[in-house]
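Scroll down for the structure; my scribbles are underneath it.
The values are calculated or read from the model by the stated rules, or taken from the named source; none is laboratory data. Keep in mind the model is a prediction, meaning the values are calculated, not measured. Cβ sites come from the backbone with ideal geometry, for glycine too, and all protein chains shown count toward neighbours. For accessibility, only protein heavy atoms count, side chains too; no ligands or nucleic acids. Shrake-Rupley method; radii C 1.70, N 1.55, O 1.52, S 1.80 Å.
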Amino acid sequence: MNPESLIASAAINVGLAIVILSLFSILKKQPSYAPIYYPRRLSQSQSSQPSQRHRQNIPDFDEAFTVRRFLPSLSWIRRAYRVSEDEILETSGLDALIIIRLFKFGIKFFLVCSLVGLAVLVPVNYCGQGHLIAHQSHLAVSHHSLDLFSISNISPGSNRLWVHCSCLWFISLYGVYLLYKEYNEILSKRIQQLRNIRHQPDQFTVLVREIPFCNDHRSRGCCVDKFFSKHHPYAYHSYQILYDGKEFQELLGQAKSIERKIEDLSKRSMGKKQNETMGNKKHNETPLLSNHSHQDAAKLASHEEKLEELHHKIHQLQSENMLKEKELPVAFVTFKSRLGAALVSQSQQHADPLLWITDMAPEPRDVSWRNLVIPYRVLPLCRLGVIVAASLLTIFFAIPVTAVQGIAKFEKLKKWFPPAMALQLIPGLSSIITGYLPSAVLKGFIYIVPFAMLGMAKLAGCISKSKEEIKASNMVFYFLVGNVFFWSLLSGSLLDEIGQSFTHPKDIPGHLAIAVSAQADFFVTYILTDGLSGFSLEILQPGLLCWDAIKSCTYGRGKEKTPYLYSLPYYRIIPSVSLSVLIGMVYAVVTPLLLPFLIGYFCLGYVVYINQIEDVYETVYDTCGQYWPYIHHYILIALVLMQITMIGLFGLKSKPAASISTIPLLLLTLMFNEYCKIHFLPTFRLLSIQNAKEFDELDVKCNQMEFNHESASIAYCPPCLRPLNVMESEPSYSPSIVSTSSI
């Protein structure tokens, strides 16, 4: 990629970001767009008591048509930087705070790396003679926009490579230090958060699966009661058996559909009556019902009759005799203390390990009810199928990635496809196509991947929505590493070197070394597109704007707008940002000029997602930081990949001593990873006996223990046992115990 293409990409992305963010700052001031840009705050004000609504910080709009209302402003950026971590932790939980800490980690890490790179590595690279030696050796060298400032400009065997080795050690150790500090701080916040939310029912509840059916009892529920009364008599409190609610859910869906039809018919009939009454009054006539009104009344009566029949069937399903036939070998068992629940969840209950399987229950609103229906013995097959499906998607996605690299390598494309030379007839068009189009097309393809992976993760049988999103995050991250990073690198190298490797086989290592650093310009454009354009579109939400416009002009005309409230998409944010961390780390020593772009990427992402967390996204569950071990793992993969890449580059640059000097650093990083697994990871997965005992003692002092386990015993009510009016009135954004759509 030539400098003109890189400049064109930067100009387009910066221009789009300025336009989009300016438009957002204007639309955010308009009261009609409050359901899009303030849904979280609006829902909080609606759900709170009137006397407490002043605390919810309801947006204060300027109703008058003033010039200030239609001018762009930076007030939302200033507000984002004033939000403290404690405020995010209190209002949105530790999981949301981890997203912000990930951006802060990127800012702190790449700021130091940029100072080292720009002050030390860039002058060393620029003064190298790699290109001059390559020309004198009659090697075909491809000039790229960042070559003179990258390690490719260092001649083979040069002692300047020891500067790169020293910087690699410093950057790696600094990254390890930041990771240790982050892990330690987030762990302390997790313990503090668990202490602050001592009334959570999941701390008293254990999920039990593979419950055998006892012949001497009429139901599995009786087996559960007998088993835990016998083996845990002092800790056991109560149980809630689960039922197969598929038929119930189908009937409930039919009932809701008929209710919507009744509501539409009622509104239409009322409108027609009002129009006919007004028309008859003008002519001093007696109001008469039309034939259409009689037909609507007949339909209305028919729908009401069907609805009554469905309600009767649902009540029959909820009767005790019918429920016994639909019992599942799954139950939520509540204990009188956290200590009892922790001991049961962390121990084997039966000699056969495939019976009475226990795990700590997820919090009630996090339960994935539909997956609890899946037999435990079938789960390995479900997980294997998901892995195969994700692998196939990753493999087939290599086709568009290769096509994108073909666009980026325009000089090679002209030789293989001569009609492409026509693009040069329009000044600047080729620079736009090679600079901006590849990263924009790639980002467009990638946008659908997180949603596809989340759909696959839901088929894996996870017991909670958070575990589904964590699994989706893992699959998306490895997908991005495999396709966006590795395959872009390999396909770019192959396209760049094809035709030369066969004529000069002995020069293959030199060509590959140049091609690896030459891909930096493509990743610069990717970071610009993902950061400037991607984050700007994230905060503008053009999809919701279009949907709101369509809705306002059609069936939603004249109706009061409801907030467009959605949960924070961890599965989409974490892998994408982690990939940017990986790209930055791999190129921190290879091409330091990429790092300033990353600082801008993380700064913009920081303010955008603080705004989204505060005003837009609803926190529907809180795992108390269980996302961080996975983020830590992604960053460690980036560190290891950086070191392996540099070992290879030092070897290709005929400096084996530098490669050997990097091996201890790689081993040290792997040892640090094992240390974190031993020292930090278990506390994230389990509630320790010590902490459980400590929290119990605090509750005993406050006389809250009995209230807590009594509340936990009724928190895990299956959807098929809840009253119909509760399920019908519960909004999708409600932070209540569980939503009816989970089953």
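Over all directions, how big on average is the projection of the convex hull of the alpha-carbon atoms in segment 583-648, in square nanometres? Its Cα hull, projected and averaged over all orientations, spans 5.5 nm².
Pop out the Kirkwood hydrodynamic radius of segment 163-219 from its pairwise C-alpha distances, inverse of mean 1/r, in Å to one decimal. 16.4 Å is the Kirkwood radius here. If you take all C-alpha pairs in segment 523-603, what percent of them are over 19 Å apart? Looking at segment 523-603, the distances longer than 19 Å represent 51 percent of pairs. Oblate is the label for segment 591-689, because a/c, from the alpha-carbon gyration tensor with a ≥ b ≥ c as root eigenvalues, is 1.5 or above and a/b does not exceed b/c. Where the alpha-carbon atoms of segment 437-487 are placed on the principal axes, they occupy 41, 18, 14 Å, in descending order. Extension gain, ILE644-HIS679: 0.36 nm per intervening residue step, less the Cα-Cα distance, totals 10.0 nm. The distance between label points at ALA398 and PHE213 comes to 4.9 nm (points 7 Å beyond Cα on the Cα→Cβ vector). Our coupling estimate for segment 685-701, obtained by passing each phi through the Karplus curve with A = 6.51, B = -1.76, C = 1.60 and θ = phi - 60°, is 8, 10, 8, 5, 4, 4, 5, 4, 5, 5, 5, 4, 5, 5, 5, 5, 4 Hz, Gly and Pro reported as x. The slack in the chain from TYR174 to ALA549, taken as 0.36 nm per residue of separation less the alpha-carbon distance, amounts to 130.1 nm. If R0 is taken as 45 Å, the Cβ-Cβ distance between GLU697 and ALA452 corresponds to a FRET efficiency of 0.40. So which of LYS189/LYS701; LYS306/LYS458; LYS336/LYS467 end up more than 29 Å apart, counting from Cα to Cα? In this structure, LYS306/LYS458 exceed 29 Å between Cα atoms. Between the amide H of SER464 and those of SER368, distances stay under 5 Å, these residues lying 5 or more places away or on another chain, with hydrogens modeled in the peptide plane. Fully extending the segment from TYR126 to ARG68, taken as 0.36 nm per residue of separation minus the present Cα-Cα distance, adds 16.0 nm. Split the accessible area of segment 542-632 by element, probe 1.4 Å, and carbon with sulfur accounts for 64%. Label-to-label distance for ARG82 and LYS230 is 6.4 nm, based on points extended 7 Å past Cα in the beta-carbon direction.
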